[in-house]
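Here's the structure we're looking at; comments come further down.
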Amino acid sequence: MRYSPDHKAETRKQIVETASIEFREHGVNGVGVAQLMKSAGLTHGGFYAHFDSKDALVADALDAAFDQTMAFLGDAAAASPPKQRNRAIMHAYMSKRHRDHVEKGCAIAALGTDVARLDARTRRRFEARVASLIELIAGDETPAAREDAIAMLATMVGAMVLARAVRSEALSTEIVNAVQASR
């Protein structure tokens with residue numbers, strides 16, 4: 001069976017998108033290549049036609065997750081007046097929807113502790129994407145804006161991890177609301 005010239009690229013994209021969702025939902029070590037390929041509707045054997053290793057897929061899946069987060073927060077920032085920019089970002093990030101859908105959420109909150117245990121190459125890519133997210137939040141290049149963006153990102157990520165980790169819906173909502181009220 002002959003495939004179109006774009007078939008390999010489309011299949012690779014499908015694998016990356018599936019892995020991005022599965023890794024955020026189950027963790028990098030919580031899902032294997034065979035399960036990822038099955039979730040993508042493909043055979044396990046086809047994996048190595050697209051990736052040298054699971055680590056290579058993890059790096060690409062993290063990039064895909066960051067692309068989604070950058071678009072999501074960029075849209076929130078663009079839709080708000082300049083003086084309300086960070087508040088809009090904070091409210092978008094700390095939303096119930098984001099909290100309740102880890103599989104579609106921020107890679108930092110979902111996978112930050114996993115990434116700390118990965119290979120140096122993947123960690124460098126992750127760090128570069130974190131830096132891009134800090135730049136998006138900062139909105140300008142002043143040291144004060146960067147410092148505020150780092151503090152804001154750390155607050156949001158920590159609060160999101162905590163809101164997802166607690167069993168009580170009421171406490172989780174309190175955490176989300178408290179961080180939203182801080183801006």
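The numbers here are math on the coordinates, done by the rules we state, and not lab data. These numbers were taken from a predicted model, which means no experiment stands behind them. Heads up, the Cβs are rebuilt from the backbone with ideal geometry, glycines too, and the neighbour counts pull from every protein chain shown.
As a ratio to 2.2 N^0.38 Å, the alpha-carbon radius of gyration computed for segment 53-181 takes the value 1.05.
Using only the Cα atoms of segment 73-135, build the gyration tensor, take square roots of its eigenvalues as a ≥ b ≥ c, and label the shape rounded, prolate or oblate: rounded if a/c is under 1.5, else prolate if a/b is larger than b/c, else oblate. Cα axes put segment 73-135 in the oblate bin.
Helix 169-181 and the longest principal axis of the C-alpha atoms of the chain enclose an angle of approximately 60°.
To the nearest ten degrees, helix 143-165 and the longest principal axis of the Cα atoms of the chain are 70 degrees apart. Volume of the convex hull of segment 27-118 (Cα atoms only), normalised per residue: 113 Å³. Placing one equal scatterer on every Cα of segment 9-72 and applying the Debye formula, the log10 ratio I(q)/I(0) at q = 0.14, 0.15 Å⁻¹ is -0.34, -0.39.
Rounded to the nearest 10 degrees, the inclination of helix 120-138 to the longest alpha-carbon principal axis of the chain is 40 degrees. Other residues with beta-carbon under 13 Å from the beta-carbon of residue 87 carry, at +1 per Lys or Arg and -1 per Asp or Glu, a net charge of +2.
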